[in-house]
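Every number here is computed from the coordinates shown, using simple stated rules; none is lab data. Computed from a predicted structure; not experimentally measured. Cβ placement follows ideal geometry from the backbone for every residue including glycine, while neighbour counts extend to all protein chains displayed.
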Amino acid sequence: MISRRDFLQVGMAASALVGASGFGNWAKLAAQQSLTQDQLLQFDTFGNVSLIHVTDIHAQLKPIYFREPSVNIGLGENKGEVPHVTGADFRRLYGIEDGSPSHYALSSGDFTSLAREYGRVGGLDRVATVVNAIRADRPDAILLDGGDTWHGSYTCYHTQGQDMVNVMNALKPDAMTFHWEFTLGSDRVAELVSSLPFAALGQNIFDAEWDEPTDLFPPYTMFERGGTKIAVIGQAFPYMPIANPGWMFPEYAFGIRDENMQEIVDQVRNEGAECVVVLSHNGFDVDKKMATVVSGIDVILSGHTHDALPEPVLSGETLIIASGSNGKFVSRVDLDIRDGRMMGYRHKLIPIFSDVIEPDAQMTALIDAERAPYEDKLSEVIGQTESLLYRRGNFNGSWDDLICDALLSERDAEIALSPGVRWGPSLIPGQDITREDIWNVTSMTYGEAYRTEMTGEFLKVVLEDVADNIFNPDPYYQQGGDMVRTGGLGYSIDVSAPQGERISNMTLLSSGEPIDPSRNYVIAGWASVNEGTEGPQIWDVVESHIRKMGTVTVQENDSVEVTGV
């Protein structure tokens, strides 16, 4: 008798051969460079249950440019495995033709010219069109939001998340989970969550004092769709008080809590769940490991690490779906659930090409109304760029280089530090830089740009600590985003070295001298998790710098030497 794992592997192989995932058809259309809305939405309805997944929207209401990473290093068992495959290697892996729309959507190479050819991506009015089309085909489809929704823009900051709540309510998700939302502060989060007309899930969100589950965030919710009972379990970002300021939400404790996850899975199975879906903000590698530790999960809808994969990944006996970020993709997953088990699936990662997909008129009107009070501020031109400005990559992005330059100049510092966050759209050469663009890469509730002194020894400790958060070979110890960005500082990193031994050859770029462990250096940075941090807001620092420059040109950054890959 074929095992469940063998069955899923056979299903995935057939998917790759016959296009059951939807990617096969998309690839053919991409090669013809003739995409239409009907072609993007085409799907051979399958089984009796449909899931729709969006995640990591980061408050992007309007179409944007968004470049995928060119560097995404995997360690340990994940070395060389997706999503740690990028560029030409990624395209070869999935049979993507160079220059095609799928090259543009899923890969970083030749981004500027392809962006000019294929246009912007995303826009929640286009997402609404896709969701409505899936619901027209499968009226009881379950729409799930993976979190990082109420964060990342000028309007989201100034409305304390209300603009995104209003727009997402109109999209009518069935459940969501959380990460950056908590940086609005626990009082505001409680206020917003209490008003939601759908489930706010988090099996790993506990009361910090009593170490018990909270009433505000139930661990799961049940749906009956297609004659099947489906349990959706929420998994919030596990490392909130480490990666973000714990003083903003002191009532809550997090963690992976895979033992509790197993108990919840067993509980919902005992309550009759025939299909178990985890709506996760763990990050992809953590989800892969959790799927091998916790039994009984059919599907994990993965978020946090912003990966966009055109095929599901099988970990243990669990399908993991990665749906990208910034409103750039929508995933549809159709499941055939019979006799209490998943008998088959079809999947499609739908790219939201903004010039191809017709916006939903009602959603457009709602978005425009939310933005209208701020439109003059949003649209003010601060400068222009001659360089491609992007964020993603393990070690640097040109947006972050520009932010570091601003910190060095405006804060009169020797070394600049900028957090390795993944969110933030791209700009292509020749574009105006508006105030909205600056906020899209700096907006957060603790954006003070500090100026302090650190010894060379302590600076190395900081870099080593961040490096272990990212390059620890055990995914359960990977607590950060990407590596902290540095300005005025060069260094070498051996990502395969043990903790505390990865960083070497630290150099002050202004003089070319090695960093002296005993000397104090003037450091400027932002997004400190420490309460009471003082300084101007980072968006004001960057705006001032860009106004002085007029036209921005960012030189290629070769200040970090990476080995051990």
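The distance from the alpha carbon centre of region 465-496 to that of region 279-315 is 22 Å, rounded to a whole number.
Max-minus-min Cα coordinates of region 55-108 on each principal axis give 37, 26, 15 Å, with the largest extent listed first. The long axis of helix 398-410 is offset from the longest Cα principal axis of the chain by roughly 30 degrees.
For the peptides 486-493, 208-215, the ranking by mean Cβ contacts within 10 Å, running from highest to lowest, is 486-493, 208-215. Straight-line cross-link partners of K348 among the lysines, defined as a Cα under 18 Å from its Cα and at least 8 positions apart when in the same chain: K28, K328.
Pulled fully out, how much extra length does the chain show between D89 and V529, if you take 0.36 nm times their separation in residues and subtract their Cα-Cα distance?
Working: separation 440, 0.36 × 440 = 158.40 nm, distance 3.68 nm.
Fully extending the segment from D89 to V529 adds 154.7 nm.
Labels on offer are [x] 26.7; [y] 25.7; [z] 23.9, and the one holding Kirkwood radius over Cα pairs in Å computed from this structure is [z]. Dipole of region 134-289 (Lys/Arg Cβ +1, Asp/Glu Cβ -1, origin at the Cα centre): which of Y239, P250, T214 lies farthest to the positive side? Value: Y239. Can you give me the relative contact order of the chain as a percent, contacts being Cα pairs under 8 Å and 6 or more apart? Relative contact order of the chain: 17 percent. Dipole of the chain computed with +1 at Lys/Arg Cβ and -1 at Asp/Glu Cβ about the Cα centre; of G202, C275, G512, farthest Cα towards the positive end is C275.
Hey, got the dipole for the chain? About the Cα centre, +1 on K and R Cβ, -1 on D and E Cβ, debye to the nearest 20? Let's see the in-between values first.
Working: 41 positive and 81 negative charges, 295 e Å.
Magnitude of the dipole: close to 1420 debye.
Nearest 5 percent is fine: what portion of the DSSP beta bridges confined to the chain is antiparallel? DSSP beta bridges in the chain are roughly 65 percent antiparallel. Using the Cα gyration tensor of region 486-529, with a ≥ b ≥ c the square roots of its eigenvalues, what is the shape: rounded (a/c below 1.5), prolate (a/b larger than b/c) or oblate (neither)? Oblate. A simple count of charges around Y521, restricted to other residues whose Cβ falls under 15 Å of its Cβ and scoring Lys, Arg +1 and Asp, Glu -1, yields -2.
If we count every other residue with Cβ under 10 angstrom of E464's Cβ, Lys/Arg +1 and Asp/Glu -1, where does the sum land? Please list the in-between numbers first.
Working: positive: K460, R502; negative: D465, D468, E501.
Net charge in that neighbourhood comes out at -1.
Full extension of the segment from R519 to Q39, taken as 0.36 nm per residue of separation minus the current Cα-Cα distance, would add 166.7 nm. Extension gain, A136 to S295, is 53.9 nm, computed as 0.36 nm per intervening residue step minus the present C-alpha separation. Our helix-only sum for the chain, with -39,500 (n - 2.57) per DSSP H run of n ≥ 4 divided by its residues, gives a mean residue ellipticity at 222 nm of -9000 deg cm²/dmol.
Against the longest alpha carbon principal axis of the chain, how many degrees, from 0 to 90 and to the nearest 10, is the axis of helix 162-171 turned? So the inclination is approximately 20 degrees. For the chain, the longest principal axis of the Cα atoms and the long axis of helix 186-195 meet at an angle of about 30 degrees. For K377, the aspartates and glutamates whose Cα falls under 17 Å of its own Cα, not counting residues fewer than eight places away in the same chain, are D163, D368, D432, E436, D437, D540, E543. Give the distance, in whole Å, between the Cα centre of region 370-387 and the Cα centre of region 121-154. With region 370-387 and region 121-154 each reduced to a Cα centre, they are spaced 25 Å.
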